[in-house]
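Structure, as structure tokens:
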Amino acid sequence: IYADPAKRLELYFRPKDPYCHPVCANRFPTSSMLLRVSRRTKKKQQLDPEEQIQPEVQYEMEILGIVTTVYKFQGMSDFQYLAMHSGPDGKQTSMYDKVLMLKPEKEEFFNKELPLYIPPPIFSRLDTPVDYFYRPDIQHRSGYNNPQVSGENLIGLSRARRPHNAIFVNFDDEEIPTKPLDAAVQNWKKVCTNPVDKKVEEELRKLFEVRPVWSRNAVKANISVHPDKLKVLLPYLAYYMLTGPWRSLWVRFGYDPRKHPEAKIYQVLDFRIRCGMKYGYAATDMPVKAKRSTYNYSLPITVKKQGSHTVSVHDLKQGLGSAGTSGTKKPPSSRYKLKESVYIFREGALPPYRQMFYQLCDLNVESLQKIIHRNDGTESECTERDGWCLAKTSDDLRDSMSLMIKQIIRSTRPALFSNTTSSEDGKEQLAYESGEDEDDEEEEEEDFKPSDGSENEMETEILDYV
């Protein structure tokens, strides 16, 4: 705990009880000294029995060191939950010997009939008393409607989602929209209040003229626009594909990729960096680290983190990147731009995240483009799984990309592959990986889905517009 300044010191009153909830101490800097004090008592000889003689006391002090850090327990002790059961007569019976497995047990141990015991899933997140100021009922603007609560979802939202009025299209839908919703037009007109916004709108129009299908990350890497304004601008110029080979992508109004075979280069590829001992490296050896892990989740015992900078209404009205931001490090023209690596795959470079959504035209490797264009001129049918490409094209692309990434890791950390053999064996291993073990591969890859804050999670983007 001392080595990590972000951790709090835990004290368990019953260390051997797994259900014991700790109290936490906060870390404080100090400038104190550690002293050793010795008290010596020397008794004097008593000549007269009636006379009381006080013993002679001497103190000796020695400085042992300097204390720079102290931990203070300033919070209250939380609820303590014991593994007990109350009988009909009110007598308490301990259940520790019934619910704790201290040694390997036989099947009978797990089939015993026991009273219901459900410990709390979480304790209080605060250990200091706070004043809760009750607020009056919120006065909503005219036209506000409470969120709908159905029988399947009894837990309603605290507020209605801000509508961005995006149009969602499934692969099975017969018609595609040719213009935005009136509400989307009005939303953008309200936000577009300065020349910077006009310029961004024109830049995005030109992008959709050059290429009718874009991912949000690709747009953010080509133009500098604040994410909050991009949420309003995209539904004004394009619709969102929910399913099919163009899922999670924005398509220009009036363009139907299902009717144009040349649109196969805009299809999406869900690529995840493979990890496991059969690939030669474990999760801890991955050069691309996960954004967050359940193993490091220690919210109740960590120091409160600083909140992210919130965007004010003034910032939105000023264009978020105009002359008012001249003091920032990045120029306004690139303040909100992402790096090209968030949507382009190049040989010799690692992806920034463990899961990426690439468009096929953004795989800048000649061998991968050959796989994509194998059926040029002979496309006959657009399917929901493979689009205009040949069957299992996505699998072939993933295999080739995984082999490239494995070679990058091999070059940066050769010790991991000390037992590997020639490149021919590598090809055999690749064929084995993409063959019979397909099910195992999917199970392992499930562990590396992007986290909630990932730039590549299509579910996050959908929730922005629902």
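Points worth noting:
- Selection within segment 5-50 - under 30 Å from ARG125 (Cα atoms) and open to solvent by 100 Å² or more (accessible area, probe 1.4 Å): PHE13, PRO15, LYS16, PRO29
- Of the numbered criteria (1) surrounded by fewer than 18 Cβ atoms within 10 Å (Cβ to Cβ); (2) in contact with a Ser or Thr (Cβ under 8 Å, 6 or more places away or on another chain), the one LEU181 fails is (2).
- Here PRO136 clears all of (1) open to solvent by less than 100 Å² (accessible area, probe 1.4 Å); (2) free of Cβ contacts under 8 Å to residues at least 12 places away in the same chain except the condition numbered (1).
- Every residue from segment 123-133 that is surrounded by 10 or more Cβ atoms within 10 Å (Cβ to Cβ) and touching a residue at least 60 places away in the same chain (Cβ under 8 Å): PHE123, ASP127
- Where LEU230 falls short, out of the listed (1) open to solvent by 30 Å² or more (accessible area, probe 1.4 Å); (2) at pLDDT 90 or above; (3) farther than 25 Å from THR383 by Cβ: (1)
- Some residue of segment 343-355 being surrounded by fewer than 16 Cβ atoms within 10 Å (Cβ to Cβ), more than 11 Å from LEU269 (Cβ to Cβ), among the hydrophobic types (A, V, I, L, M, F, W, C) and under 29 Å from the mean Cα position of the chain (by Cα): yes
- Residues satisfying the stated conditions in segment 338-358, i.e. farther than 21 Å from CYS275 by Cβ and either modelled with pLDDT of 95 or more or part of a loop (DSSP other than H, G, I, E, B) (or both): LEU338, LYS339, TYR343, ILE344
- Boolean, ALA83 is touching a helix residue (DSSP H, G or I) at 6+ places or on another chain (Cβ under 7 Å), modelled with pLDDT of 85 or more and open to solvent by less than 100 Å² (accessible area, probe 1.4 Å): yes
- Screening ASN456, ASN375, ASN364 for residues that are closer than 28 Å to GLU340 by Cβ, among the polar types (S, T, N, Q) and modelled with pLDDT of 55 or more leaves exactly one candidate, ASN364.
- You will find that of GLU60, GLU56, GLU113, GLU105, the residue that is in contact with a Ser or Thr (Cβ under 6 Å, 6 or more places away or on another chain) and of a type outside the set (S, T, N, Q) is GLU60 and no other.
- Pairs with Cβ under 7 Å, 6+ apart, first in segment 187-210 and without any contact (Cβ under 8 Å) to a residue 60 or more places away in the chain and open to solvent by less than 20 Å² (accessible area, probe 1.4 Å), second among the β-branched types (Val, Ile, Thr) and part of a helix (DSSP H, G or I): TRP188/VAL232; LEU204/VAL219
- Of the residues making up segment 51-80, those that are among the acidic types (Asp, Glu) and either on the phi > 0 side of the Ramachandran plot or open to solvent by 80 Å² or more (accessible area, probe 1.4 Å) (or both) are GLU51, GLU60, GLU62.
The values are calculated or read from the model by the stated rules, or taken from the named source; none is laboratory data. What you see is a predicted model; the values in this text were computed from it and never measured. Because the Cβ atoms are built from the backbone with ideal geometry, glycine has one as well, and the counts that use them run over all protein chains shown. All accessible areas refer to the heavy atoms of the entire protein, side chains included, with ligands and DNA or RNA removed. Shrake-Rupley method; radii C 1.70, N 1.55, O 1.52, S 1.80 Å.
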